[in-house]
Amino acid sequence: MRKLMTLIFMLFLLFAITACGGSTDSAGGGAGQSPKATAEQSADTGSAEGSIAVLLPDSASSARWEADDRRFFEQAFDAAGVEYTIVNAEGDARMQQTQAEQAITNGAKVLLLVNLDSGSGAAIIAQAREAGVKVIDYDRLTIEGPGADIYVSFDNVSVGRLMGETLQPVIDDLPVDNPRVILLNGSPTDNNATLFAEGYKSIAEPKFEAGEWTKVDEQAVPDWDNQQALVIYEQMLTAAGGEVDATFAANDGLAGSVISALKGQGLGPIPLSGQDATVGGIQNILAGDQTMTVYKPIKLEAEAAAEAAIALLKGEDVSSLTGDTINNGQNDLPFMKLTPIAVTKDNIAETVIADGFRTWEEICIGDFAQYCPEDRQ
């Protein structure tokens with residue numbers, strides 16, 4: 001009986017060891033893949049090797065980077081089954097360079113970069129070039145150095161022009177003979193801010209030159225910092241004795257600072273632009289404190305950039321993805337150019353809501369619920 005029991009125990013032990021060995025082999029078969037990338041998904045990426053690193057700029061200048069771009073990149077890369085990382089430099093250019101270095105060290109073959117300024121962006125691109133890593137300029141063009149492999153963004157002059165075209169008739173209809181206007185521009189280190197201003201100035205400057213409008217003041221906001229914007233606008237408002245009839249603010253965050261400054265001095269709403277179609281921007285439009293925002297379908301932008309990143313990862317020529325080019329100061333780069341859309345109270349439902357970019361549930365909360373349509377779906 002003892003011999004029989006010993007034999008049964010040995011057979012049981014042998015079976016357990018064999019089973020454990022089979023489990024280890026199975027786990028090892030997936031080594032090197034992203035936890036979110038299945039074998040079936042990875043087959044769709046062809047000969048892609050390495051990973052993609054997304055370098056976001058901050059979470060303070062606009063809510064879009066963490067609320068929108070991150071989730072759309074995650075969706076696109078998960079669907080493609082590629083390895084990726086997404087990091088945020090939180091406004092620190094040195095940190096972004098460190099993040100780029102770490103990504104390259106960890107095997108990234110493509111950097112998808114939203115630069116904090118063109119100088120640090122050019123340094124990251126140079127570092128990537130040395131390591132044989134491809135770079136996509138996402139949303140912001142790096143205008144120093146030879147440039148990235150491709151640029152994915154909106155027509156940013158058109159973004160600003162939409163602000164001007166939407167506000168112009170509203171300003172012209174004001175019950176004043178000569179409307180007094182402030183220009184509150186974005187960060188002087190962000191090339192996009194220059195392009196936005198070029199766009200709305202193409203509408204505003206002829207009005208100033210014709211004497212139909214008066215330019216009260218124009219200032220840029222360092223680093224798109226909303227708190228600095230509040231201080232700057234308060235100072236301009238005080239210097240003007242509160243006599244300001246309209247303001248071109250370069251994004252929804254800056255527009256929010258304008259609204260706070262006006263309310264702080266007991267002044268009512270004025271024609272006011274913005275962009276990014278943030279939740280706060282849409283809420284301010286519904287409340288009547290902001291006239292418009294610019295909706296840049298970020299899902300389409302992120303998907304276009306993801307397509308370019310995967311093509312670069314596979315060693316493909318990305319110039320075939322677009323017929324447009326843009327000059328960064330040294331070279332013509334392939335430019336995947338998307339079209340922005342002006343949003344006012346009248347077309348919120350048909351644009352950002354219809355696209356699923358925003359929902360009534362996230363907009364119609366607290367005090368803002370009273371401004372929302374009763375028949376919202």
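The values are calculated or read from the model by the stated rules, or taken from the named source; none is laboratory data. In this text, all values refer to a predicted model and were calculated from it rather than measured experimentally. For neighbour counting, all protein chains shown are included, and Cβ atoms are generated from backbone atoms with ideal geometry for every residue, glycine included.
Some observations on this one:
- Per-region count, the range 216-246, residues under 29 Å from the mean Cα position of the chain (by Cα) and either outside the structural domain of GLY199 (by TED's automatic domain parsing) or farther than 30 Å from ALA93 by Cα (or both): 1
- Test: SER257 is part of a helix (DSSP H, G or I) and surrounded by fewer than 15 Cβ atoms within 10 Å (Cβ to Cβ): no
- Top-ranked residue of the range 304-325 - restricted to ones that are within 22 Å of the chain's Cα centre (by Cα) and assigned to a loop (DSSP other than H, G, I, E, B), ranked as nearest to ARG70 (Cα to Cα): THR322
- Looking only at residues of the range 66-87 that are part of a loop (DSSP other than H, G, I, E, B) and not charged (D, E, K, R), we find that the one that is nearest to LEU56 (Cα to Cα) is VAL82.
- Selection of helices (runs of 4 or more DSSP H) fully inside the range 88-188 by the criterion of at least 1 residues being charged (D, E, K, R) and either buried (at least 22 other Cβ atoms within 10 Å of the Cβ) or within 21 Å of the chain's Cα centre (by Cα) (or both) returns 93-105, 156-172.
- Tally, over the range 261-279, of residues that are in a helix (DSSP H, G or I) and either out of contact with any helix residue (DSSP H, G or I) (no Cβ under 6 Å at 6 or more places or on another chain) or over 22 Å from ASP367 (Cα atoms) (or both): 3
- Subset of the range 189-205 (residues that are in a loop (DSSP other than H, G, I, E, B) and surrounded by fewer than 23 Cβ atoms within 10 Å (Cβ to Cβ)): THR189
- Some residue of the range 303-317 being in contact with a strand residue (DSSP E or B) (Cβ under 7 Å, 6 or more places away or on another chain), over 30 Å from VAL133 (Cβ atoms) and touching a residue at least 60 places away in the same chain (Cβ under 8 Å): no
- The C-beta contact set for the range 289-302 (first residue in the same structural domain as ARG358 (by TED's automatic domain parsing), second residue among the hydroxyl-bearing types (Ser, Thr, Tyr) and outside any helix (DSSP H, G or I), distance under 6 angstrom, 6+ apart or interchain) comprises MET292/SER273; MET292/THR344.
- Looking across the range 341-377 at every residue that is aromatic (Phe, Trp, Tyr) and under 24 Å from the mean Cα position of the chain (by Cα), the one that is modelled with the lowest pLDDT is identified as PHE357.
- Hey, GLU49 touching a strand residue (DSSP E or B) at 6+ places or on another chain (Cβ under 8 Å), surrounded by fewer than 21 Cβ atoms within 10 Å (Cβ to Cβ) and not aliphatic (A, V, I, L, M) or not: yes
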